[in-house]
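Engineer: Below is one structure. I have some questions about it.
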Amino acid sequence: MNILLTGAHGQVGAALQPLLEPLGHLTALGREALDLADADALRAAVRRHRPQLIVNAAAYTAVDRAETEPALAETVNGIAPGVLAEEAQHLGAALIHYSTDYVFDGSRAEPYVETDPPHPLGVYGRSKWLGEQTVQASGAPAWIFRTSWVYSLHGANFLKTMLRLGQERDTLNVVNDQWGAPTWAGSLADATATLVRKARDSGDAAAFIRQHQGVYHMTNGGATTWYAFAQAIFSLRPECRARLVPIPASAYPSPVRRPANSRLDNRKLAETLHVTLPPWQEALQRCLEALPPISR
Ligand SMILES: NC(=O)c1ccc[n+]([C@@H]2O[C@H](COP(=O)([O-])OP(=O)(O)OC[C@H]3O[C@@H](n4cnc5c(N)ncnc54)[C@H](OP(=O)(O)O)[C@@H]3O)[C@@H](O)[C@H]2O)c1
């Protein structure tokens with residue numbers, strides 16, 4: 001199976017590469033080789049590589065900066081996934097695409113299910129919701145995996161920021177009234193690769209994906225706040241000695257409001273595709289195992 005992976009150097013893209021490689025002939029392209037802002041280049045690349053499966057791990061993920069670059073965010077997150085899906089449809093191929101908890105406004109009291117109506121609070125969330133719609137409008141067989149609070153030891157994310165500031169600062173204010181599931185890029189990659197293997201082993205990956213196509217919530221299990229997530233990180237890394245102080249989101253200046261409730265219900269993924277990601281605490285531990293041990 002020919003697989004084309006975009007965003008190969010991002011958190012999820014980098015975690016996917018070694019897991020997708022054994023599953024077929026993988027072409028993994030970063031932004032320097034394939035720019036999602038260039039629709040013509042995108043169409044030409046898909047036609048050149050003729051994949052049976054496209055995995056789109058590329059995205060404009062700078063949530064705050066998107067407020068001042070709405071056109072670029074919309075092109076990369078909204079239009080480009082639709083172009084990839086259209087090209088997949090012409091080739092008889094399938095698409096795996098990722099979306100976000102930020103398509104919701106966070107006002108629901110319970111975890112969100114896939115059928116809840118999106119209502120994004122900012123440019124990033126709107127651009128990602130547009131991407132879901134352009135993919136679905138293409139008619140291509142597609143899985144759209146909505147995830148949340150992604151971290152890894154690679155790239156810029158909350159975990160990396162806490163590991164750094166935990167050593168630099170005496171005290172650290174962390175938001176304690178936003179709830180979600182921290183999701184390790186390694187868990188997302190594992191789950192995705194498991195599903196790609198199932199699709200490949202069915203004999204017709206595109207038909208398999210079409211049979212189960214649609215939006216799925218895909219996060220590590222459980223839920224917490226940023227503050228409690230930071231506490232868990234610090235408990236595993238004693239070199240992080242800063243005193244953690246819980247604060248409300250209203251005390252943390254930001255150009256865009258984040259959802260207070262980012263919890264995504266993963267039951268559809270478990271019941272339909274038979275995949276469950278580990279609890280967030282277990283995933284965090286596994287992620288941190290790759291760091292050198294600390295002498296206490
Ligand atoms: N990060 C999160 O907390 C989070 C939460 C929910 C959902 N998601 C979704 O999960 C997916 C994977 O995100 P991630 O965490 O792996 O993000 P990431 O680490 O920011 O990776 C995204 C990758 O896309 C690349 N990219 C940006 N603009 C591009 C363009 N015009 N053309 C080609 N590549 C481009 C980036 O390259 P540069 O590094 O050069 O910019 C980066 O390598 C995305 O769909 C994202 O929306 C992420």
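The values are calculated or read from the model by the stated rules, or taken from the named source; none is laboratory data. The model shown is predicted, which means the values in this text are computed figures rather than measured ones. Neighbour counts are summed over all protein chains in view; Cβ atoms, including those assigned to glycine, are modelled from backbone coordinates with ideal geometry.
Engineer: Identify the single condition in (1) closer than 23 Å to Gly221 by Cβ; (2) buried (at least 23 other Cβ atoms within 10 Å of the Cβ) that Ala140 does not satisfy, given that it satisfies every other one.
Structural biologist: Condition (1) is where Ala140 drops out.
Engineer: Quick one: in segment 22-40, which of the residues that are more than 16 Å from the ligand (Cβ to nearest atom) and surrounded by fewer than 16 Cβ atoms within 10 Å (Cβ to Cβ) is nearest to Glu69 (Cα to Cα)?
Structural biologist: If we take residues in segment 22-40 being more than 16 Å from the ligand (Cβ to nearest atom) and surrounded by fewer than 16 Cβ atoms within 10 Å (Cβ to Cβ), then His25 is nearest to Glu69 (Cα to Cα).
Engineer: In addition: So in segment 253-296, with the set limited to residues that are among the aliphatic types (A, V, I, L, M) and either under 30 Å from Glu69 (Cα atoms) or buried (at least 20 other Cβ atoms within 10 Å of the Cβ) (or both), which one is modelled with the lowest pLDDT? Reasoning before the result, please.
Structural biologist: In the first step, residues of segment 253-296 are kept if they are among the aliphatic types (A, V, I, L, M); the result is 256, 260, 264, 269-270, 273, 275, 277, 283-284, 288, 290-291, 294.
So of that shortlist, the ones also either under 30 Å from Glu69 (Cα atoms) or buried (at least 20 other Cβ atoms within 10 Å of the Cβ) (or both) come out as 256, 260, 264, 269, 277, 283-284.
Details: Val256: 91, Ala260: 95, Leu264: 98, Leu269: 98, Leu277: 98, Ala283: 98, Leu284: 98.
By that ranking, first place goes to Val256.
Residues are listed down the side, and each one gets a yes or a no for (1) aliphatic (A, V, I, L, M); (2) in contact with a helix residue (DSSP H, G or I) (Cβ under 6 Å, 6 or more places away or on another chain):
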site: Thr61; (1), (2): no, no
site: Asp64; (1), (2): no, no
site: Glu67; (1), (2): no, yes
site: Leu72; (1), (2): yes, no
site: Asn77; (1), (2): no, yes
site: Leu84; (1), (2): yes, no
site: Ile96; (1), (2): yes, no
site: Val103; (1), (2): yes, yes
site: Gly106; (1), (2): no, no
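Engineer: Return the pair list, or none, for Cβ contacts closer than 9 Å from residues in segment 265-278 that are under 18 Å from Gly180 (Cα atoms) to residues that are exposed (fewer than 15 other Cβ atoms within 10 Å of the Cβ) and basic (Lys, Arg), at least 6 apart or on different chains.
Structural biologist: Pro278/Arg286
Engineer: Would you tally the residues in segment 81-99 being part of a helix (DSSP H, G or I) and either closer than 15 Å to His49 by Cβ or β-branched (Val, Ile, Thr) (or both)? Talk me through it step by step, then tell me what you get.
Structural biologist: Just the residues of segment 81-99 that are part of a helix (DSSP H, G or I), to begin with: 81-91.
Checking the rest, the ones that are also either closer than 15 Å to His49 by Cβ or β-branched (Val, Ile, Thr) (or both) come to 83-84, 87-88, 90-91.
Number of matching residues: 6.
Engineer: Would you point out which residue out of Tyr227, Tyr216 is hydroxyl-bearing (Ser, Thr, Tyr) and either within 23 Å of Ala57 (Cβ to Cβ) or at pLDDT below 95 (or both)?
Structural biologist: Within the list Tyr227, Tyr216, the selection yields Tyr216.
Engineer: Select, from Ala73, Ala14, Ala66, the only residue that is of a type outside the set (S, T, N, Q), assigned to a helix (DSSP H, G or I), within 14 Å of the ligand (Cβ to nearest atom) and within 24 Å of Arg200 (Cβ to Cβ).
Structural biologist: Exactly one residue qualifies, and that residue is Ala14.
Engineer: Cβ contacts < 6 Å: first residue closer than 15 Å to Leu195 by Cα and in contact (Cβ under 8 Å) with a residue 60 or more places away in the chain, restricted to segment 8-34; second residue of a type in the set (Val, Ile, Thr) and away from the ligand (no atom under 12 Å from the Cβ), any location; separation 6+ or different chain. Result?
Structural biologist: Leu20/Ile3; Leu23/Val196; Gly24/Ile3
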